[in-house]
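Quick note: the coordinates plus some simple rules give every number you see, no bench work behind them. Please read all numbers here as calculations on a predicted model, not as lab measurements. Reconstructed Cβ throughout: ideal geometry from the backbone, glycine too, with neighbour counts over all protein chains shown.
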Amino acid sequence: MSNKLSDVEARIASVHELESVVSAMRGIAAARSQEARSRLDGIRACADMIGAAIGDALMLDEHGMQPAPADAGPGVHVVIVICAEQGFVGTFNEHLIEAAAHLPIWGARTCFVIGGRGAVVAGTHGLAVDWSAPMVAHAEEVAALASRITEALYERLESGRATRVTLLHAVPQLSTAIDIVQKSLLPFDFTRFAVAARRQAPLVTLAPRRLLAQLAEEYVYAQLCEALMLSFAAENEARMRAMIAARTNVHDTLDQLTGDFRRLRQEEITAEIVELSAGSPAVDAVRRKPRAPS
């Protein structure tokens, strides 16, 4: 730290500018988190409708039995990890990647990592990233990203490059800890859906198995939409906490700089007073010289 008053003044001005940036980032993160939360009810209502359709379609099973989840056995276990694309989120990405690294795996493991920052962290943990995509920057982009993930996932399922799929994502909460949720997406468990309690089965134009497979894919898509929206809200809440901590540090720095400014200003004033009170030697010599008689 320079002891020049002008340097301290310039430093105070730059810290005030930084405070404005921190406050703006906090406000943006709060708005995005609130927007994401407001869209969750619609996504969950859509998932409930698909679940009800699955319950109706299960009535079409000619043997009167619900399809049970297939035993994938050893194969390729795909882990979808939803991380952050932007920075200033603390240890958000590290917690998610560490959870993926310690996840029990059946057979070979490969990862779908969402978020550029998460992909970098995954490399440091030795996780094989088979597919990645940028995390959304706005809530309205969630549907398109979920569609991309679903297409990439089912492409691997159809080609035999995936037999089991697990989803890891964070959820928003008030505490500073990062709460991570683990969901098994595939093999799809039809037994969790209650068969519709009505006398007649619905009229359909598709074969029951094909209908159930398409409904299952739609349900996985809805689950991905919900996970992405929750993770987006959690990411922005982590950014809010980081900005709150940064603002506290900014205020501490300003207090220190203000104290330095006052001290240096006082030293400068004291030096000026001492200089003025001492007076100039030439002036003192003139004052001491006797006047000539008139």
Most mobile of H77, H169, H16 per a Gaussian network model of the chain (Cα springs, under 10 Å)?
H16
Does segment 176-271 come out rounded, prolate or oblate, given a ≥ b ≥ c as the square roots of the eigenvalues of its C-alpha gyration tensor, rounded meaning a/c under 1.5 and, failing that, prolate meaning a/b above b/c?
prolate
For the chain, built as a Gaussian network whose Cα springs stay under 10 Å, the top-fluctuating residue of I273, I82, I244:
I273
Starting from 0.36 nm per residue, how many nanometres of slack lie between L103 and E158 once their C-alpha separation is accounted for?
17.4 nm
Can you give the FRET efficiency for A128 and V204, using 1/(1 + (r/R0)^6), R0 = 45 Å, r = Cβ-Cβ distance, to the nearest 0.05?
0.65
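Rg(Cα) of segment 112-208 divided by 2.2 N^0.38 Å?
That works out to 1.43 for segment 112-208.
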FRET efficiency estimate (nearest 0.05) - Cβ-Cβ, A177 to L60, R0 51 angstrom:
0.65
Hey, any idea what Rg/Rh is for the chain, computing Rh the Kirkwood way over Cα pairs?
1.37
In a Gaussian network model of the chain with springs linking alpha carbons closer than 10 Å, the residue among T205, T258, T248 that fluctuates most is T205
Quick check on the chain: of the DSSP beta bridges with both residues there, what percent are antiparallel, nearest 5%?
30 percent
